[in-house]
Amino acid sequence: MAETFIHNRQLPVGSQGHLASGWWGMLMLIATEAMLFAYLLFSYFYLASHALSPWPPNGPPSLRIAVPGTLILIAGSVVMWWGERGIERGKTRRLIVGLSLALVLGVLFLVLQGSEWKGEPFTLRTNVYGSLYFTITGFHMFHVIVGLLVLAVLLVWAARGDFDANRHSAASIGVIYWHFVTIVWLAVFFTFYIAPRLG
Amino acid sequence: MATIETHRTPVIARAADGSATSQKLQRTWDGKPGLGGWLSTVDHKEIGKRYIVTAFIFLLIGGLEALAMRVQLARPNQTLLTPEQYNQLFTMHGVTMIFLYALPVLSGFSNYLWPLLLGSRDMAFPRLNALSYWVFLFAGIFLYCSFPLGKAPNDGWFNYVPYASLAYNPGPNIDVYALGMVLLGISTTVGSINFVVTLARTRAPGMSLNRVPILVWGTVTASVGNLFAVPAVSLAFFLLWMDRQAGAHFFDSTAGGQPLLWQHLFWMFGHPWVYAIVLPAMGIVSDGLPVLCRRPLVGYTAVALSTVTTMVLGFGVWVHHMFATGLPILSLSYFSAASMTIVIPSAVAVFAWIATIWTGRPVFTTAFLFFTGFVLLFVIGGVSGFMTAAVPVDWQLTRTYFVVAHLHYVIIGINVFPVVGGIYFWFPKATGRLMNEAFGKWTFWVMFIGFNVAFFPMHILGLLGMPRRTYTYADNLGWGTPNLIVTIGAFVFGLGIMLFLVNAFVSLRHGRPAGPNPWDASSLEWSTSSPPPVYNFAVIPMVASRYPLWENRLDDGPDRSSVGTGLVLDKERETIGTSVLDAEPDVILKMPGDSYLPLLVAVAMTAVFTCMLLHSWWGAGIAAVATFLGSVGWLWPRRALAQIET
């Protein structure tokens, strides 16, 4: 009978880890956002493949800022992973440290990106490469900013003592988004900085 | 402060409407009275009804635009409309029907029905559901904001560059369309996320994935498709807006851009979208038609799989909208072949419906007529689609009225007919009253005849060479008589829609009381009262088959679902969370109550886009901050939702 599989089963109540609906919602949001970046990078490769003049117009962009930026983002994801592992065992302080370090590293990434933007000899209006470069890295920066806001809010909640070993779904949900921001940067980094060097 | 419980063994008991349990649930789930309750409700049934009513209002607006065009085209050399007015009318007609009617009306059905079909109390994200509706409504108003000024979008619903570029279209027309579509995309995206998570997590215990109704398969397939496809169109419109307002060059061939990039991005979205606006409607038929044939659907598994297959193939056929753009022959061959393979899953579904009718004992209700009418129109639209999937035929027919005929057979045939049939079918569930059957049958014949008189001659006009999107034509081309017939048919079809609405309005007050299960149907929504109580089910049912209410007569194995007896979840707002494949209970979910935040966040988001349209960057920034603050308030961890313990 239908009841047999349900009798006498203790069930968790409310928002717990990956059982929370929000966790599943975030996975779906990441799926659709990943597609957004896939379409952005499709546009890049489509326009690159149709370019009549050399691509990129000024040669492959410098790695001087982009490589440290990439390492910083990866480091941010690693400390965030470490912080999340902490709260799973009830260590709020470890989560707070992880969030704070990831925030600092994220801001540092933005500063580096900003300095690269400033140093470029072309603008959004110069040619289609400029349009692609500023739009796609801009899309990514916007996602970094949203991610940082998420981390900042999580930091406030963690500092209030809202999270413990049982209840920390919000932190897990925010952290997975932060990992997404890192991973999608790797795709952007490969497209702009590595792919032109492979030709 | 008492700590929040972390675990509980759910009690299984019997409870009906009127019991102590249900009275407690009524107090817990009931919304505020009056305007405040109306603006803050997150009840999926209210939101679903709003979606349907709003979509029908847009259908009427789009219909009036169509009739204005038909009057203009009824005779040669008419001057009722100027070319620019005609451009704006056919553009807004397409935008309205495709984006503001076709998907939202199906979202309405699914919002209303899903938790009832799945044996749950609400969607997985009730507040997100409200947000999705409000953003849809505001995006619809946004898209119409420049219409009264005579500056509506005017480049057709697929909005090709370079005509949509700033140099050729300097007014606000295209900016309204671009920003409005990005805003509408947010509504579609959050709505789709909600459907996917609702299916994955909030089915009644025992409702394994192979037991959900086909409507659920259709809507979840459409939703996953939307999550993958909508970013393409949002991006395309955003890039166009960047070209127009920020001086970018994505579509500008003088600076390395490519006009064809627009067509690729648009149709990468556009073709999956076509399936998103028909698969849930096909699901309506797959669930409704068998009830009226007094038997289960023939080939449930084949139909479910064909639904998913159609969408998967639908992502690989977008170039068939671009056969005439000079792409390499190899590419055209591939996309032509891929488009033709869609015939296979479509035929599987058609034969399943025919076999269901053939081997059943049909009850000739109005809904039955609409469902079977749909099958016929689907076949006609499918055949003309198959024809245009062949490259040489498409080269002859593209940009002619043949394509207009095809897309109307597909969209009206597969969307409007099932929707109207579905309303006849579920109206008694939502309102407690039946629609008038005799009047309904007359309505069907007026709509069916009007539709075919209006759209069948368009095939012939296309073969005679009449181009689409032309505001008038000379009288020596031989197009006058078919056009007059088309116009007459269009008015008859419009009359049919009006008769349907009259029936709905009158039946709302004066219809025969329906009782819980007027069609003697098989799925869970018919086990609650009509209209259902705010909490849907006094106890969460436990499901043992695809047809919980037909088990005794189908005699399909020893297992029996348990409907009146089930899980008592009555401590505040609760429902059960179950595993993805087998629907085994794995958590008791706390559900949020009514809230103004979805409305406020939707207003703030709309303000962001309105300020961008007006180039008020400070305003956009302030509205963005308001959106952020609203979201933080929304997500603030709450004890009532068991998100924190202290």
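Just a few scattered comments:
- Centroid-to-centroid separation of the stretch B:312-358 and the stretch B:107-124 [C-alpha atoms, Å]: 31 Å
- Neighbourhood net charge (11 Å Cβ-Cβ; Lys/Arg +1, Asp/Glu -1) for B:Ile174: -1
- Two-site FRET efficiency, B:Phe386 against B:Ala302, from Cβ-Cβ distance with R₀ of 25 Å, rounded to 0.05: 0.80
- The stretch B:444-489-the stretch A:115-162 distance, computed between alpha-carbon centres (Å): 52 Å
- Taking θ as phi - 60° and the Karplus parameters 6.51, -1.76 and 1.60, the scalar couplings of the stretch B:144-156 work out to 9, 5, 9, 4, x, 8, x, 10, 6, x, 9, 10, x Hz in sequence order, x denoting glycine and proline.
- The stretch B:131-178: relative contact order in percent, alpha carbon pairs under 8 Å with at least 6 residues between: 40 percent
- For the stretch B:1-153, the spread of Cα positions along each principal axis, largest first, Å: 77, 32, 28
- Convex hull volume per residue for chain B, taking Cα atoms only, in Å³: 161 Å³
- Nonlocal amide H pairs with A:Val13, under 5 Å, H built at 1.01 Å: B:His7, B:Arg8, B:Ile588
- Rg ratio (alpha-carbon, reference 2.2 N^0.38 Å) - the stretch B:562-634: 1.76
- Distant alpha-carbon pairs in the stretch A:100-199 (separation over 15 angstrom), percent: 68 percent
- D_trans [Stokes-Einstein, Kirkwood Rh over alpha-carbon pairs] for the stretch B:413-517, 20 °C, 1.002 mPa s, µm² s⁻¹: 137 µm²/s
- Under 5 Å, built H, 5+ apart or other chain: amide partners of B:Ser562: B:Met542, B:Val543, B:Ala544
- Taking a straight line from the alpha carbon of B:Lys49, these lysines sit under 26 Å away, with near neighbours fewer than eight places off in the same chain left out: B:Lys24, B:Lys32, B:Lys429, B:Lys441, B:Lys590.
- Spherically averaged projected area of the stretch A:8-161 from its Cα convex hull (nm²): 11.8 nm²
- Using distinct alpha-carbon pairs, which all enter the 1/r mean, Kirkwood radius of the protein assembly as shown in Å: 28.4 Å
- Net charge of neighbours whose Cβ lies under 13 Å from the Cβ of A:Leu47, counting Lys and Arg as +1 and Asp and Glu as -1: -2
- Size of the stretch B:82-136 from its Cα atoms: along the principal axes, largest to smallest, the extents are 53, 19, 9 Å.
- Highest average packing first - B:251-260, B:215-224, B:270-279, Cβ atoms within 10 Å: B:215-224, B:270-279, B:251-260
- In chain A, the longest principal axis of the Cα atoms and the axis of helix A:21-49 are about 10 degrees apart.
- Estimated at 0.36 nm per residue, the fully extended path between B:Val625 and B:Ser529 surpasses their Cα-Cα distance by 30.1 nm.
- 222 nm mean residue ellipticity, helices alone, for chain B (DSSP H n ≥ 4; -39,500 (n - 2.57); rounded to 500): -20500 deg cm²/dmol
- Cα→Cβ-extended label distance, 7 Å offset, between B:Arg553 and A:Trp82, nm: 6.7 nm
- Along the stretch B:326-342 the Karplus relation, 6.51 cos²θ - 1.76 cosθ + 1.60 evaluated at θ = phi - 60°, assigns HN-Hα couplings of x, 6, x, 4, 4, 5, 4, 4, 4, 6, 5, 5, 4, 5, 5, 5, 5 Hz to successive residues, with x for each Gly and Pro.
- Distance (nanometres) between label positions extended 7 Å along Cα→Cβ at B:Ala355 and A:Phe42: 3.5 nm
- Chain A, helix-only ellipticity at 222 nm - DSSP H runs n ≥ 4, -39,500 (n - 2.57), divided by all residues, nearest 500: -24000 deg cm²/dmol
- Candidates B:Gly283, B:Leu261, B:Gly515 compared by Cα position along the dipole of the protein assembly as shown: farthest toward the positive end lies B:Gly515, with charges placed on Cβ.
- Folded to 0 to 90 degrees: helix A:128-159 orientation relative to chain A principal axis, Cα: 20 degrees
- Mean per-residue shielding of peptide B:253-260 is 5, counting Cβ atoms of other chains within 10 Å of each Cβ.
- Computed 3J(HN,Hα) for the stretch B:108-117, one whole-Hz value per residue from the Karplus formula 6.51 cos²θ - 1.76 cosθ + 1.60 where θ = phi - 60°, is x, 4, 5, 4, 5, 8, 3, x, 6, 5, glycine and proline marked x.
- The mean of 1/r over all distinct Cα pairs in the stretch B:190-277, once inverted, gives the Kirkwood hydrodynamic radius of 15.0 Å.
Where a number appears in this text, it was derived from the coordinates with a stated rule and is not lab data. Bear in mind that the values here come from a model prediction, so they are computed numbers and not experimental data. Counting neighbours? That spans all protein chains shown, and the Cβs are built from the backbone with ideal geometry, glycine included.
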